[in-house]
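The values are calculated or read from the model by the stated rules, or taken from the named source; none is laboratory data. Being a predicted model, the structure only gives us computed values, none of them experimental. FYI the Cβ positions are ideal-geometry reconstructions off the backbone, even for glycines, and counts take in every protein chain you see.
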Amino acid sequence: MEIFKQIPLYRYLSICNESGMQKTVLDCGAGGDTPPLSLFYSNGYTTYGIEFAADQIDKANTFAKSKGQDLNIKQGDMRRLPFENESISFVYSYNSIFHMNKNDVRTSLEEMKRVLKPGGIMFVNFLTVHDFRVGEGIDLGNNQYEQIEDGFPVIHSYYEPNEADGLLDDMEFIYKEDRVLERIFEGERIRQGFVDYICRKNKL
């Protein structure tokens, strides 16, 4: 059995499974070498994924092919999702949405809400100011920094633990977790800060 490293998504999957809604799920930021859409596929979901970086799509498709899965990951931009209004039961973005400035984060969240069915459930997480990289790189203001990641400049937006509450206050609260973790990364002990949200779109 495959154990995925995106551990918070197991809680999200459990809540989705208990909802009784049609099993359709969209991952916004779906690329990488262990795409969590595979976890949903294995649980009977029809999967869709949007990923900006072509190389990350290739990694995800290589993994999916090795499992005999078609995860349906396409190149795209979560600020302009190519899906109809209220067409997907479950929409999530794991460790992805904060790789843009806060205005674009807001735009992306509104797109995720738009495609979510009434009663549908969203997971999204943000970097927090408790992360060890806060302050590194080019300061863009409001805890936004251009930092080097895998040799390329990437924007990282960091949030106060309650800052993102207002971005989701039009949804029904299910779960929130403010996480600070320490782990060994490339031989060094690092501290990371995340805040996770699970919310339900209000029914009409």
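Scan the helices (runs of 4 or more DSSP H) fully inside the range 19-117 and keep the ones with 1 or more residues being within 23 Å of Glu2 (Cβ to Cβ) and either out of contact with any strand residue (DSSP E or B) (no Cβ under 8 Å at 6 or more places or on another chain) or in contact (Cβ under 8 Å) with a residue 12 or more places away in the chain (or both). Walk me through it before giving the result.
On the way: elements: 37-42, 54-66, 102-115.
Answer list for the range 19-117: 37-42, 54-66.
I'd like the residue in the range 121-142 that is touching a helix residue (DSSP H, G or I) at 6+ places or on another chain (Cβ under 8 Å) and outside any loop (DSSP other than H, G, I, E, B) and, out of all such residues, is farthest from Pro153 (Cα to Cα).
Ranking the qualifying residues of the range 121-142, first place goes to Ile121.
Within the range 9-48, which residues are more than 18 Å from Asn72 (Cα to Cα) and within 17 Å of the chain's Cα centre (by Cα)?
Listed by number, the residues that qualify are Leu9, Tyr10, Arg11, Tyr12, Leu13, Ser14, Ile15, Cys16.
Report whether or not Ser108 is surrounded by 17 or more Cβ atoms within 10 Å (Cβ to Cβ), farther than 16 Å from Ile15 by Cα and of a type in the set (Gly, Ala, Ser).
Yes: the conditions hold for Ser108.
Give me the residue from the range 1-52 that is modelled with pLDDT under 95 and aromatic (Phe, Trp, Tyr) and, out of that set, surrounded by the fewest Cβ atoms within 10 Å (Cβ to Cβ).
Only one residue tops the list, namely Phe4.
Please go through the range 143-158 and give me each residue that is loosely packed, with under 12 Cβ neighbours inside 10 Å and farther than 24 Å from Glu182 by Cβ, ordered by number.
Those that are loosely packed, with under 12 Cβ neighbours inside 10 Å and farther than 24 Å from Glu182 by Cβ: Gly151, Phe152, Pro153.
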